[in-house]
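The values are calculated or read from the model by the stated rules, or taken from the named source; none is laboratory data. Computed from a predicted structure; not experimentally measured. Cβ coordinates were reconstructed from backbone atoms using ideal geometry, including for glycine residues, and neighbour counts include every protein chain displayed. Heavy atoms of the whole protein, side chains included, go into the accessibility calculation; ligands, DNA and RNA do not. Shrake-Rupley method; radii C 1.70, N 1.55, O 1.52, S 1.80 Å.
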Amino acid sequence: QHPRLYPNRHDAEILRKQSHPRYRILVGNLVESAEWCLEQVPRRDWIPPAPSDPIHRNLYDRFYAIMKDLAITEHLAFTHSLTGTEKYGAAAREWVLASCSVWKREAEGAVDGGKAYAVSRLLKGIAVGYDLIHNLLSESEVVEIRQVLSSICERYFAEYFDTPDKRGALFHTHHA
């Protein structure tokens, strides 16, 4: 049953009725930022990895694009969950599906540490959005999202996170 990780339906209903002034301020700030998110347009084009990227320009373009896309996705999904407002749910659904469509090609190509952190952020953001708006998705959308998550997860787990040099206690790179 969804959501699995964050406020379940019962908890969300309790939170929506919360009247404590500090909580109302928090929700007001969440809504204010969600209004900005509604003005943003979901990405339509994938940013492929560059074959040569000696100063990491492409890596950071891709990383920050993923960060922005999934920050908006999660923000809208949380706002929908905590307010029950349909427009935030509809927008979160659009962003989750756009992120799957645009970034699904992360399951292709070489797997490396430069991409692993951004891909982890991508997976987490899609999963959070999926979980919080699950009831707004059609069965075919659920299948699509799960396929994207699974294909990328399987690839990065097998070819990066489950390799001997990454499994041990000595693995401590910048974002490990």
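Screening the chain for DSSP H helices whose Cα atoms reach 20 Å or more along their own axis and whose mean Kyte hydropathy is at least 0.5 gives 113-133. Peptides 19-27, 87-95, ordered by how many other C-beta atoms sit within 10 Å of their residues on average, highest first, read 87-95, 19-27.
Split the accessible area of the chain by element, probe 1.4 Å, and carbon with sulfur accounts for 55%.
Take the chain with all the other protein chains still there, run a 1.4 Å probe, and you get 58 Å² of accessible area per residue. The label point for residue 29 and the one for residue 167, both projected 7 Å from the Cα toward the Cβ, are 4.3 nm apart. The packing ranking, built from the mean of other Cβ atoms within 10 Å per residue, places the peptides 45-55, 120-130 in the order 120-130, 45-55, highest first. The slack in the chain from residue 36 to residue 147, taken as 0.36 nm per residue of separation less the alpha-carbon distance, amounts to 37.0 nm.
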